[in-house]
Amino acid sequence: MADTFQLEIVTPEKTVVKDLAEEAQIPGKNGYLGILPGHAPLITELAIGEITYRMGGLTHHLAVAWGFAEVLPDKVTILAETAERADEIDVDRAQKAKGRAEKFLNSVDPAVDYNRAEAALDRADTRLEVATQEPPKKQ
């Protein structure tokens, strides 16, 4: 069995990752999935969360929101609405988005879409968490 698999993370705008990985964790709709080389084929919907993958002792972190993942024994393809590396995240913008989402969630206005506000808060929290991760380093 191979020691690695091909990992591709693509958004409508660009290819974010095209790399080999020894393992990955992805936020599936029903919880995180751990992926190793030779994983059984599956397709899953993505949730808002953090993708981590490891290669050569380096751990990489990305914030992702919505999409789909196809897992094959030798390749994982993630089609995401958004995917950002830590150095691509605008922390000030994410903090402002978090503040807006919290304001909506604390509102008593019946016109507020609470599901949308919760999703915005989850996304902002994920972006802030990934932004604080150190650059990939050997473990």
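None of the figures in this text is laboratory data; all of them are computed from the coordinates on show. The structure presented is a predicted model; accordingly, all values stated were derived computationally and were not measured. Cβ sites come from the backbone with ideal geometry, for glycine too, and all protein chains shown count toward neighbours.
What the table shows:
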item	result
Among K18, K98, K29: highest mean-square fluctuation, GNM of the chain, C-alpha pairs under 10 Å	K18
Charge dipole (debye, nearest 20) of the stretch 90-131; +1 at Cβ of Lys and Arg, -1 at Cβ of Asp and Glu	140
Extension gain, M55 back to L105 (0.36 nm per residue minus Cα-Cα distance, nm)	14.1 nm
Euclidean distance between Cα centres, the stretch 20-59 to the stretch 68-105, Å	15
Length-normalised contact order of the chain in % [C-alpha pairs under 8 Å, at least 6 apart]	23
Amide proton proximity set for V17, modelled H, under 5 Å, gap of 5+	I9
Pairwise label distance in nanometres, A2 with A119, each label 7 Å out on the Cα-Cβ vector	3.4
Whether the stretch 6-46 is rounded, prolate or oblate, judged on the alpha carbon gyration tensor where a/c under 1.5 counts as rounded	oblate
Rounded, prolate or oblate (a/c below 1.5 giving rounded, otherwise prolate when a/b exceeds b/c) for the stretch 5-87 by Cα gyration tensor	rounded
Cα-Cα over 27 Å, subset of K14/K103; K14/K98; K75/K98; K18/K98; K75/K96	K14/K103; K75/K98; K18/K98; K75/K96
Segment L20-T77, length gained on full extension (0.36 nm per residue, minus Cα span)	19.4 nm
Structure-based [θ]222 nm, the chain - -39500 (n - 2.57) summed over DSSP H runs of at least 4, per residue, nearest 500	-8000 deg cm²/dmol
Two-site label geometry, E129 and K29: point separation in nm, points 7 Å out along Cα→Cβ	2.1
